[in-house]
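Input: a single structure, listed below in structure tokens.
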Amino acid sequence: MTTSPDQNDPAVRAAQEERLREVWKPPSGWFFRWTDVNNNRIGVWYTLTAFGFMLFAGVLALIMRTQLAVPSNDLVTANTFNQLFTLHGSMMMFLFAVPMFEAVSIILLPQLLGARDLPFPRLSAFGYWSFLIGGVFVSGSIFFDAAPDGGWFMYPPLTTRTDLSGLGADIWMLGLSFIEVSSVAAAVELIVGVLKCRPPGMRLNLMPLYAWYILVVAVMILFAFPPLIAGDVLFEMERLLDWPFFNEAKGGDPLLWQHLFWIFGHPEVYIVFLPSIALFAMLIPTFAQRHLLGYPWIVLAAVGTAFLSFGLWVHHMFTTGLPKISLAFFSAASEAVAIPTGVQIFVFIATLWAGNVKKSTPLLYASGSLAIFVIGGLTGVMVAVAPFDWQAHDTYFIVAHLHYVLIGGTLLPLFAGLYYYWPLVTGKKLSDRMGRTAFWILFVGANLTFFPMHLSGLLGMPRRVFTYPGELGIGGLNLASTAGSYLFAAGVLIICVDLARSPWRAKAPRNPWNAGTLEWLALPDDEDWGIRSVPLIESRYPIWDQKDFVAKVDEGRFFLPDAEEMRRESIVTTVLDARPLQVIRLGTPSVKPMLTAIALAGVFILTTYHFYIAAALSGVATLACVLTWLWTGTAEIPEKPTKSIGHGIELPLYLSGPAASGWWAMFITMMADATAFSGLVFGYFFFWTIHSDFPPSGAGLDGPGVVWPMVALATTLAGWAATVVAREVHRRGHVGLARALLVGGIVATLASLFAGLAGPWLSGLEPTCHVYPAIVWTLAIWTAVHAAIGAIMQAYTLARSLAGKMTPQYDADLRNITVFHHFLALTALVTYCTIGLFPGVA
């Protein structure tokens, strides 16, 4: 039995701290410093990059407002104006709002959970580099007069016709698809982090509310972004290959894009709004100096808001001629979302009412943002009423509503969080005087900019026009909006100056706001190890409620106070009640995430310019990077089976199956994949509902028959069964039999790939002549690509076994690929029944 170290001995504690300091030391050097993977540092890079994109998009907005300041202005051309508003909207949503939430979460989550780091730090690094490259690619296009110009929603057919839209549409579609990869990667990291990396004792009902919101929003990203990815696939296949998904002349329908886009687009609003509410949930108890009232209600309200947000997308399509029953349902659902939103706001007001409020700059921003958000919420209820929406749709009234929601629900709360959490990141406070000055300028500027837009919209000013005649009588309103936008920019500039002066300020005391949650354990001169010892949690506000809590953490009297083996480690716990399960070994600094992101960027960027062979080679390079990354950095067999974390507790160093973080990461990734696939299947049945003769018949339209799809399904199921049986016999110690089954599984899975493509190929389905063969080919290709990935996974696992990197005791690789093959079997079942059997049923 391991003897626990004497934590009363200062020499023992100093030696532990020295080992932790050495293990968590960041890489140095002009290049290698960028290979760091510590989430504290990656989160800061992420935040600064997203903030930079926000400033750039803000400059674009100022140019637009200058153009609209007076009637018949000619500062910019119509084409340039189209690029400006498209890039402004796209950058604010894809390069600022969502990434900023993920960036802040990556910084805060390990500290909120009392963890040394999140479970997959290299995945966070990969996400950051993907975000940076994709963001520069998309935003930089405007300097070459090649930026997208079809609006941030890119409605076809304007954007799918290459004679009406240039390269910008491809840059938007492929560049942002690449960025969506980073969003999904961050969502996987955050979900697994919340579920598996909480400290011992932190049951779900003791979790900080910010962590609850991270969990809810990350799950929303997981289900909201994939439908857009499915839409992107169809969109680019129409632009690059002339497959007519949105071309009415060949059976397509532009409304399919609107459905897929807004299934993503409306939850997106709540994806950027809920994290702001989460910031309020952290800072309001601090400045009220009491626990937040109504904890269960606010959790239920957050979950309810997320659930309802997926049922509102059609209210963006009220003017497209939908049936009245649809209008009534989605109108009612749109108004219902005000209920959970109101619950959250009233909980904050009640907490402030019941507490002993300390006035502060962060609280000022929070209060002001709620006032602006409520105005945006009320106009949202107005446009949720279909007859009013018919009048206001595509006018500046909508622009005003959108910006009241986003500035009140996202931007000002982020500034509140900036002033609140700046001491946590830098150890220094920002200037209260400059912060308050900036707030009032921002508050007046926002209202002066956007309130007149309600009136100009109701007077008939449409969105996205680069100028207007003086006879409309809206010149004064537009001039006021322009003046307000410059006032707002001045407020942002003051904040930037405040940030720039920060390095010359003195250090603030530890926990300067006297907060009660775990993240404020951080010292002004913070160490890279995250937390000195992983605590036992008994309260939602342990710093306030648990006796001598801070001293015990600092003196290493809780769990895992040392790094004897000189490895980066943290504790994995159970999902519901946070019982300790494992000591997880974390990834160390590496260039692999950066190289993988660069290789994957090549696939998207080279495809944009139609360099298909180079893009294919880049795809091969991406696969090589991923396999190298996995081979050298995952499922490592430890030098000993268990490790002491203190207080007489021994935990395993290796887990596989549903208890392990890797298994959860695979499961969550496959949920996102299945959601994207469901978007394609939705497309098939959408076309069936709008055509009386679907599937059609004729030359190039008949097929793919029943035989080949059923052969493909049978061989896919054979590959799946071989994998499942291999996992079971391997667990029982029959390694040779398991390897043989994996070989059989590879053969069957590859056979399913060719059989799946043989159906549409041999039947002569011509995807450019009608939407039916196009959607059949798309489903078949999607499933075939997944079969290829499944075969690569089986081969990889076989190689790991042959190399001695997988044994019956240490079998995480085999268990994880089994999860993938479960989803592959489900995908094949749906695809081949749909394309093989459904035509006969229909």
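The values are calculated or read from the model by the stated rules, or taken from the named source; none is laboratory data. These numbers come from a predicted model, not from an experiment. FYI the Cβ positions are ideal-geometry reconstructions off the backbone, even for glycines, and counts take in every protein chain you see. Ligands, DNA and RNA are excluded from the accessible area calculation, which covers all protein heavy atoms including side chains. Shrake-Rupley method; radii C 1.70, N 1.55, O 1.52, S 1.80 Å.
Counting Lys and Arg as +1 and Asp and Glu as -1 over every other residue whose Cβ lies under 9 Å from the Cβ of Phe287, the net charge comes to +2.
In the range 692-842, inverting the average of 1/r over every pair of distinct C-alpha atoms gives 16.0 Å as the Kirkwood radius. Each principal axis of the Cα cloud of the range 725-792 was taken in turn, and the coordinate range along them, longest first, works out to 54, 16, 15 Å. Across Ser697, Ser481, the residue with the most accessible area heads the list, and the full order at a 1.4 Å probe is Ser697, Ser481. Checking the cross-link pairs Lys359/Lys552; Lys358/Lys429; Lys429/Lys547; Lys359/Lys507 against a 24 Å limit on the alpha carbon distance flags Lys359/Lys552; Lys429/Lys547 as lying beyond it.
With 10 Å bins beginning at zero, the pair-distance distribution over Cα atoms of the range 335-389 amounts to 20, 44, 25, 10, 2 %. Over the chain, dividing the summed -39,500 (n - 2.57) contributions of all DSSP H runs of at least 4 residues by the number of residues returns a 222 nm mean residue ellipticity of -22000 deg cm²/dmol. Less than 5 angstrom separates the built amide H of Asp253 from those of Phe246, Asn247, all sequence-distant by 5 or more or on a different chain. The accessible area of Leu595, taken with all protein chains in place and a 1.4 Å probe, comes to roughly 80 Å². Bridging of Lys196 to lysines at a Cα separation below 19 Å is possible for Lys643, once same-chain residues fewer than 8 apart are set aside.
Computed over neighbours whose Cβ is under 15 Å from that of Ala740, the net charge equals +2, Lys and Arg +1, Asp and Glu -1. Largest first and in whole Å, the equivalent-ellipsoid semi-axes of the range 39-504 read 33, 26, 23, each the square root of five times a Cα gyration tensor eigenvalue. With the convex hull drawn over the C-alpha atoms of the chain, the volume per residue is 162 Å³. Scalar couplings 3J(HN,Hα) for the range 471-483, obtained by applying the Karplus form with A = 6.51, B = -1.76, C = 1.60 to θ = phi - 60°, are 5, 5, x, 10, x, x, 5, 5, 5, 5, 4, 5, 4 Hz; x denotes Gly and Pro. Sorting 645-651, 821-827 by their mean Cβ neighbour count within 10 Å, with the most densely packed peptide first, gives 821-827, 645-651. The smallest convex shape that holds all Cα atoms of the range 37-142, its convex hull, gives 81 Å³ per residue. Pairwise Cα distances in the range 273-424 exceed 19 Å for 56 percent of all pairs. Mind putting a number on the dipole of the chain about its Cα centre? Charges go on the C-beta only, +1 for Lys and Arg and -1 for Asp and Glu, and I need it in Debye to the nearest 20. Charge dipole of the chain: 1760 debye, to the nearest 20.
In the assembled protein chains, Arg41 presents an accessible area of approximately 70 Å² (probe radius 1.4 Å). Electrostatic tally near Phe94: other residues with Cβ closer than 15 Å to its Cβ, Lys and Arg +1, Asp and Glu -1, net -4. Compared with the direct C-alpha span, the chain from Ala803 to Asp548 gains 86.8 nm at full extension, assuming 0.36 nm per residue. For Lys805, the aspartates and glutamates whose Cα falls under 20 Å of its own Cα, not counting residues fewer than eight places away in the same chain, are Glu636, Glu639, Glu728, Asp813.
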